[in-house]
Amino acid sequence: MHNLLNKLLKKRGIEDAVDLSAEERTIFTNWETVLGKEKMTLEDVEMFCQSQISIIKQKWSDYNVSQSKKSELIPYFTVYNALLGAINSPQVARAALETQLIEMIK
């Protein structure tokens, strides 16, 4: 475990990462991944964005989270979704071009 994460857990009185909630464990795992690599890959960024979107969707479906807290998540969702769109845009453009060419061949 990275030294900074270990210090954070101790500061919050948490003995081990196993004691974290499912949501906290997901965030903690992402942080460990980021801190454990010298260089992030595009796949790492994509995985991070997808996990953050998943967490936001969980909060949106939780009836115990207030509407104001849910609305505060909209900008984060928008940014993570835009990043995923940018990452996947070459694939989308390729698929659109393939569809267009197939139509032209018919």
| task | Output yes when any residue across the stretch 42-56 is touching a residue at least 24 places away in the same chain (Cβ under 8 Å) and of a type in the set (Asp, Glu), and no when none is. | result | yes
| task | State all residues of the stretch 12-26 that are over 19 Å from the mean Cα position of the chain (by Cα), exposed (fewer than 10 other Cβ atoms within 10 Å of the Cβ) and hydrophobic (A, V, I, L, M, F, W, C); if no residue qualifies, say none. | result | Val18
| query | From the list Val79, Val65, Val92, which one is on the phi < 0 side of the Ramachandran plot, among the β-branched types (Val, Ile, Thr) and not in a helix (DSSP H, G or I)? | reply | Val65
| query | What are the pairs, 6+ residues apart or on separate chains, where a residue within the stretch 80-96 that is assigned by TED's automatic domain parsing to the domain that holds Glu46 and farther than 14 Å from Leu42 by Cα has its Cβ under 7 Å from a residue that is at pLDDT 85 or above and in a helix (DSSP H, G or I)? | reply | Asn81/Ile53
| message | Given the criteria out of contact with any Ser or Thr (no Cβ under 7 Å at 6 or more places or on another chain), part of a helix (DSSP H, G or I), modelled with pLDDT under 95 and of a type in the set (Ser, Thr, Tyr), does Ser71 qualify? | response | no
| task | Test each condition in (1) surrounded by fewer than 14 Cβ atoms within 10 Å (Cβ to Cβ); (2) over 29 Å from Asn6 (Cα atoms); (3) touching a helix residue (DSSP H, G or I) at 6+ places or on another chain (Cβ under 8 Å) for Lys70 and report the one that comes out false. | result | (1)
| note | Those residues of the stretch 35-53 which are β-branched (Val, Ile, Thr) and either over 19 Å from Asn81 (Cα atoms) or assigned to a helix (DSSP H, G or I) (or both) amount to Val45, Ile53
| Residues that are surrounded by 14 or more Cβ atoms within 10 Å (Cβ to Cβ) and of a type in the set (Asp, Glu), drawn from the stretch 36-63 | Asp44, Glu46
| said: Yes or no: the stretch 1-14 includes at least one residue that is outside any helix (DSSP H, G or I) and at pLDDT below 85. | reply: yes
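The values are calculated or read from the model by the stated rules, or taken from the named source; none is laboratory data. Since this is a predicted model, take the numbers as computed values, not measurements. Here Cβ is always computed from backbone atoms with ideal geometry, including for glycine, and neighbour counts include all displayed protein chains.
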